[in-house]
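The values are calculated or read from the model by the stated rules, or taken from the named source; none is laboratory data. Everything numeric in this text was worked out from a predicted model, so none of it was measured. Methodologically, a virtual Cβ is constructed for each residue, glycine included, from the backbone with ideal geometry; neighbour enumeration extends over all protein chains shown. Heavy atoms of the whole protein, side chains included, go into the accessibility calculation; ligands, DNA and RNA do not. Shrake-Rupley method; radii C 1.70, N 1.55, O 1.52, S 1.80 Å.
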Amino acid sequence: MKALAHKKRILILVLATMIFWAFYLFYDINFKFFEYYMSIRLPKLGAILITAFCIGAATLVFQTIINNTIVTPCLLGMNSLYLVIHTTIVFFLGSTSVFASNKYISFFCDLVLMGTMATIIYSYLFRVTKFNVLYVLLAGTVMATFFLSLQSTMVRIMDPNEYETLLATLVASFSHVNADILGIAFILVVFLTLFYKKELEVLDVIALGKERAINLGVDYDRVISKLLLGVTLFIAIATALVGPISFLGLIIANLARQILKTYKHSYLTLAAALVGMIVLVCGQLIVERIFDLAIPISVFVNIAGGIYFLYLLLANKGNQ
Amino acid sequence: MHSTIILALLLIILGIFSLFVGVLDVQIEGILKGDTQQIHTLLASRLPRLLAIVCTGVGLSVAGLIMQQLCMNKFVSPTTGGTIASAQLGILIALIFMPDSTLYSRAFFAFLTAMVGTWIYVAFIQTIKFKDTVMVALVGIMFSYVIGGITNFIAFKYDMVQVLSTWLTGSFSLILRGRYEIVYMVVPLVFVAFLFANHFNIVGMGRDFSKNLGVPYNVVLFFGLSIASMLTACIVVVVGTISYIGLIVPNLVTMFKGDKLQGTLLDTALFGAVFVLICDLIGRALISPYELPIELIAGIVGSAIFIGLLIFKLKTPRKRVRLAAGKTQESCQK
């Protein structure tokens, strides 16, 4: 009975998502140039799809691992890590070097650097704090300032022309997504999801807490460290694809939890991805139609996400 | 007492040294000989800069100390309490709605928003009563993100992003005679803080405790937070944002000197001034003859120290942790 209710709600979400997609694709379209419109709008939709899935899944897994539903991996400072890596490459190698100008190489460069650096830094932090997540988060937010200061120091000394080319990649935007990279990102996401199939299946057990999970036969430490790596990689993919977009995960993971009221991660992940798509498509529509691209989407996501976070705190006060 | 004297001496020596660092040549012989050009540089640029640096260091670290004492949490500060973000919002509002606003009217707006923002934040953390002290800081950072988001939104809307970023990056390079005097507001405010140090201390022990001693909890809390906000606002208006001074300096000082406000206030003020002065000297030396804004240097140095502090606290045995992060929990739960 319960599973049926979940399925029904997910179905409604799927329908809603479809409607938004259709609206986004066909709104205000000139059928004379149908193909041209599609060639612009489809890649954006693809990027939204991958971002929503990556961030939604990563946030859900992260929240389950650390047993706290009001945090997001974005608080770890990965966004500023991306900024600093990107700026460093342009700063030391110049915007014309292959690492910055070739889209494929720069995508992989981002991915590999972010993946390894984040893994090294955060596994060290987790070890030092004995898996006290709040301390890791605090260190993460402070590190974000550290990275940002480094980044803006480099920007200050940088050649203004170089900065112009750099700036486009620093602000989250769905406006100029490269369709080829989209394909690679998609393949990566599918591959990673299959790779993590076994760990994702035991997530429901991990949600019960460390002791119970171990009693139920889960190799806890190994699974957790593998999952954390996965979270890092998923965020890295999303960030390398569209740029830093904080707080999205917080909104969509919690909305998914509120809508479904379940602990089954297979449903939750799906719902989070769907909600994420709706949120992003709405945001993109607002950015494109109302503000004529003058305001980046991340501004809206930050304001909405932050207010939602404070609301969540008030709503379950005492539980944190 | 030793530490106070050492810090004061250090401040004087570094201060005098900093007067003679810069692009235009200023030398002791020149001053003594009465070279008008050099005297003019000294009086119009170097001296104001030094005074602004000292006021900034003193003001931000004392504001941080007061906030930490009142909220009973070592992680609260102008940066992590939304005070700086709110002051920025106030400045932006003044810039947009009163294009011909003077420094004073901007400062007034910044006072107002900084106070309101800080009150909201403190009211918020007091209604929720977190079990974990770190959560308080995270909430503050989130709160700053929200206010920063609103500021950004308005800035994008009115095409002020660039203006805002130059206005908000803390830097002493534009400090000249006649354009920074608001920073002197720090002096009377810190003086008042000294006078009321005892009251802040008592309030820092909890609502019930202060009521028993006949100290009006809410009034003192309100008053103390207002002083901290005003200290922050008058610095943000003149110098811009400088993160982490208010968080790191009080923590470092109380780590060695304990929590009694009267004993630590002077040291915190001096140490804050020395810290900002050193950061500024680094910023001036690194790519001279150009200079890096203080915000960047303080951000890098400050956050590195903070993370080091955190790891140090976690690695040393439990007793030390109590001493540094301590006594917040029971009072928060009341």
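Calculated translational diffusion coefficient of the protein assembly as shown (37 °C, 0.692 mPa s; Stokes-Einstein with Kirkwood radius over alpha-carbon pairs) equals 125 µm²/s. When peptides B:64-70, B:140-146 are ranked by their average number of other Cβ atoms within 10 Å per residue, the highest-first order is B:64-70, B:140-146.
In terms of the Cα gyration tensor, with a ≥ b ≥ c the square roots of its eigenvalues, is the stretch A:1-69 rounded because a/c is under 1.5, prolate because a/b exceeds b/c, or oblate? Oblate is the answer for the stretch A:1-69, as a/c is 1.5 or above yet b/c matches or exceeds a/b.
Across peptide A:20-26, the average count of Cβ atoms from other chains found within 10 Å of a residue's Cβ is 0. With the helix formula -39500 (n - 2.57) applied to DSSP H stretches of n ≥ 4, chain A reaches a computed 222 nm mean residue ellipticity of -26000 deg cm²/dmol. Residue order by solvent-accessible surface for B:297, B:202, A:259 is A:259, B:202, B:297, largest first, with ligands and nucleic acids left out and a 1.4 Å probe. Chain A and chain B together bury an accessible surface of about 3800 square angstrom, both sides counted, with a 1.4 Å probe and no ligands or nucleic acids included.
Taking a span of 30 Å or more along the helix axis (Cα atoms) and a mean Kyte-Doolittle hydropathy of at least 0.0 as the rule, the DSSP H helices of chain B that qualify are B:47-71, B:103-128, B:133-157, B:217-238, B:261-286, B:294-315.
Over the stretch A:53-157, with a single point scatterer placed on each C-alpha, what log10 of the ratio I(q)/I(0) does the Debye formula yield at q = 0.14, 0.19, 0.21 1/Å? One equal scatterer on each Cα of the stretch A:53-157 leads to -0.62, -1.00, -1.13. Are there any residues in the stretch B:269-304 with a reduction of at least 50 Å² in accessible surface when going from the isolated chain to the assembly of protein chains? Probe 1.4 Å, please list them by number. At a threshold of 50 Å² (probe 1.4 Å), the residues of the stretch B:269-304 that become less exposed are B:296, B:300. Taking the alpha-carbon centroid of each part, what is the distance from the stretch B:35-91 to the stretch B:278-314 in angstrom? First find each Cα centre; the distance between them is then 15 Å. In sequence order, the stretch A:85-91 has phi-based couplings of 4, 4, 5, 4, 4, 5, 5 Hz under the Karplus curve 6.51 cos²θ - 1.76 cosθ + 1.60, θ = phi - 60°, and Gly or Pro positions carry x.
Each of residue B:105 and residue A:159 was given a label point 7 Å from its Cα along the Cα-to-Cβ line. The distance between the two points is 4.4 nm. Relative to the 2.2 N^0.38 Å rule of thumb, chain A has a C-alpha radius of gyration ratio of 1.00. Remark: mean inter-chain Cβ contacts per residue of B:23-33 equal 0, using a 10 Å Cβ-Cβ cutoff to other protein chain atoms. Mean partner shielding of peptide A:284-292, defined as the number of other chain Cβ atoms within 10 Å of each residue Cβ, is 0. A 1.4 Å probe, protein heavy atoms only, puts the accessible area of residue A:163 near 70 Å².
The portion of the accessible surface of chain A made up by carbon and sulfur, rounded to a whole percent, is 68 (1.4 Å probe; DNA, RNA and ligands excluded). Beyond 19 Å in Cα-Cα separation lie the following of the pairs A:197/A:264; B:74/B:260; A:197/A:261: A:197/A:261.
Peptides B:19-31, A:139-151, A:184-196 ordered by packing proxy, namely the average of other Cβ atoms within 10 Å per residue, highest first: A:139-151, A:184-196, B:19-31. Rolling a 1.4 angstrom probe over the protein heavy atoms with all chains in place gives the protein assembly as shown an accessible area of 44 Å² per residue.
Under 5 Å between amide hydrogens, built in the peptide plane, is the criterion, and for residue B:169 it picks out B:241 among residues at least 5 positions away or on other chains. A prolate overall shape is assigned to the stretch B:105-150, the ratio a/c of its alpha-carbon gyration tensor axes (a ≥ b ≥ c) being 1.5 or greater and a/b exceeding b/c. With θ taken as phi - 60° and the Karplus curve 6.51 cos²θ - 1.76 cosθ + 1.60 applied, the whole-hertz 3J(HN,Hα) list for the stretch A:304-314 is 4, x, x, 5, 4, 4, 5, 4, 4, 4, 5 Hz, x standing for glycine and proline.
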